[in-house]
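Let me begin by presenting the structure, written as structure tokens, before commenting on it.
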Amino acid sequence: MDNTLYEVAIIGGGLAGLTCALHLSKQGVSVLLIEKNPFPNHKVCGEYVSNEVLPYLNSLGLDPLSEGAVPISTLKITSPNHKTLKTTLPLGGFGISRYAFDTLLYEQVNKNCDVVFKTVESISFQKEAFEIATQDSTMYKATYVVGAHGKRSNIDKKLNRKFIAQKSSWLAVKAHYQFDFQANTVALHTFKGGYCGLSKTETGAVNACYLTTYASFKNYNGIDDFQENNMAKNPNLKHFFSEAVPLFDSPLTIGQISFQPKKPVENHIFMIGDSAGLIHPLCGNGMAMAIHSAKLFSELFLKQQQTKNIDRSLLEKEYEKQWNNTFSSRLKMGRYLQKVVLNETASHFGFSLLNAFPGLLKTLINKTHGTRLR
Ligand SMILES: Cc1cc2nc3c(=O)[nH]c(=O)nc-3n(C[C@H](O)[C@H](O)[C@H](O)COP(=O)(O)OP(=O)(O)OC[C@H]3O[C@@H](n4cnc5c(N)ncnc54)[C@H](O)[C@@H]3O)c2cc1C
């Protein structure tokens, strides 16, 4: 048993958990961060970050661009039948590997609060405080718990969250490649049953990350067969997979990705990042939303803390309300866009419409993004 009573324990040190830990600890809150994997490590992600969070990251003392992150201003979307859309991104963004980005945050967090590398096995709430058990049977205590454990975790099973019982039809694959690619561009190449994002990272490597359905993937004999015989029907992906030199021994994969709605507060745990809701990756905004939700919770918590006696129930209601107001419509739009992209007829029509009315593409992008956070 660790007898310290932390004000806030954060479960999960991805972008949401790390940002929350940094924000709160910089304001004097005693924070414990529990993450199961030591840094640095690669994660399955498109690695394009919207600039909407850049001023906020700067305010926390973080500057991804000075770490070599690549400024990105253009979005290119292509289809297997040679259709192409190109637009400047209203806010723009930057390309950085999760390997570098998460580590950048972790190094700051580690200076400001306690971090342990363990897997949380259970969280119980009794008498206005939490007990958190890790896999080595250590018990940690905290007055508030933030769930930042990502899209799918053993914690969700323990909490019996609704989405975990529902079947999920998505899997994703990611790897870095050496490839001649325009640094200022993020490309989204669609193929039957999914789409693949390409963008440069701080090392000069191109990150290729795709999302597809099990229904589509199961017709092929593994990753290479899927890439060569399905994805390569898009000429841009054909060119990519024939020219690009893989930099990983083998690609990283994840399965059971769920886009079902989740609750932002469960069992008095404040959920941030993907554990509160995951936007379809084609929107390129999940990381910014994860960071934004950490800001939302941190600011509400600090505001309530000023009253000296935090009203837990009020804080929960207010967080839930603000989370829904800020993100619900973006998630809905993401689900809608995903359906259009994956339906051949709708997508064909969509390409023609957006080519005829280019302003519409920017409107759609704005509907899945926020404004610059300060
Ligand atoms: C295929 C794909 C492509 C994407 N591309 C993009 C993109 O280009 N741009 C973008 O903005 N977003 C993208 N996203 C979304 C983005 O990856 C997520 O929104 C973002 O990673 C969410 O951060 P997070 O901190 O909530 O979760 P994560 O980064 O997943 O962090 C969760 C952390 O919790 C830890 N954890 C879990 N369970 C436990 C436990 N029991 N105990 C201790 N630790 C635990 C995990 O180890 C992990 O480090 C993509 C998503 C997918 C699936």
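The values are calculated or read from the model by the stated rules, or taken from the named source; none is laboratory data. Since this is a predicted model, take the numbers as computed values, not measurements. Neighbour counts run over all protein chains shown; Cβ positions are idealised from the backbone, glycine included. Heavy atoms of the whole protein, side chains included, go into the accessibility calculation; ligands, DNA and RNA do not. Shrake-Rupley method; radii C 1.70, N 1.55, O 1.52, S 1.80 Å.
Some observations on this one:
- Pairs, first on the phi > 0 side of the Ramachandran plot in the range 1-29, second assigned to a helix (DSSP H, G or I), C-beta under 8 Å, six or more apart: 12/273; 12/275
- Members of the range 327-373 that are outside any helix (DSSP H, G or I) and either free of Cβ contacts under 8 Å to residues at least 12 places away in the same chain or within 20 Å of the chain's Cα centre (by Cα) (or both): 343, 357, 369, 370, 371, 372, 373
Rundown of residues vs (1) within 14 Å of the ligand (Cβ to nearest atom); (2) touching an Asp or Glu at 6+ places or on another chain (Cβ under 8 Å); (3) not in a helix (DSSP H, G or I), yes/no style:
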site	(1), (2), (3)
211	yes, no, yes
228	no, no, no
249	no, no, yes
279	yes, no, yes
289	yes, no, no
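- Taken over the range 164-193, the criterion of being of a type in the set (Gly, Ala, Ser) and within 17 Å of the chain's Cα centre (by Cα) is satisfied by 172, 175.
- From 157, 167, 86, residue being assigned to a loop (DSSP other than H, G, I, E, B) and either of a type outside the set (Asp, Glu) or exposed (fewer than 15 other Cβ atoms within 10 Å of the Cβ) (or both): 167
- In the range 1-56, of all residues being in a helix (DSSP H, G or I) and more than 13 Å from the ligand (Cβ to nearest atom), the one that is farthest from residue 117 (Cα to Cα) corresponds to 55.
- A single member of 176, 149 is outside any loop (DSSP other than H, G, I, E, B), of a type outside the set (Gly, Ala, Ser) and within 14 Å of the ligand (Cβ to nearest atom), and it is 176.
- Put simply, of 136, 180 the only residue that is closer than 27 Å to residue 25 by Cβ, acidic (Asp, Glu) and surrounded by fewer than 19 Cβ atoms within 10 Å (Cβ to Cβ) is 136.
- Candidate set from the range 98-133 (those that are free of Cβ contacts under 8 Å to residues at least 40 places away in the same chain and under 18 Å from residue 159 (Cα atoms)); member that is least open to solvent (accessible area, probe 1.4 Å): 133
- Residue 310 being assigned to a loop (DSSP other than H, G, I, E, B) and β-branched (Val, Ile, Thr): yes
- Residue count for the range 139-151 satisfying the condition of being buried (at least 20 other Cβ atoms within 10 Å of the Cβ) and either under 30 Å from residue 78 (Cα atoms) or hydrophobic (A, V, I, L, M, F, W, C) (or both): 6.
- Among the residues of the range 194-209, the one identified as within 14 Å of the ligand (Cβ to nearest atom) and either open to solvent by 30 Å² or more (accessible area, probe 1.4 Å) or more than 20 Å from the chain's Cα centre (by Cα) (or both) is 200.
- Some residue of the range 309-324 being open to solvent by 30 Å² or more (accessible area, probe 1.4 Å) and more than 25 Å from residue 16 (Cβ to Cβ): yes
- Being modelled with pLDDT under 95, of a type outside the set (Gly, Ala, Ser) and open to solvent by 20 Å² or more (accessible area, probe 1.4 Å) is a property that residue 162 has.
- Entry remark, the range 218-271: residues being surrounded by 18 or more Cβ atoms within 10 Å (Cβ to Cβ), in contact with a strand residue (DSSP E or B) (Cβ under 6 Å, 6 or more places away or on another chain) and under 28 Å from residue 41 (Cβ atoms) number 9 in total.
- For residue 62: the one exception among (1) more than 10 Å from the ligand (Cβ to nearest atom); (2) open to solvent by less than 40 Å² (accessible area, probe 1.4 Å); (3) outside any loop (DSSP other than H, G, I, E, B): (3)
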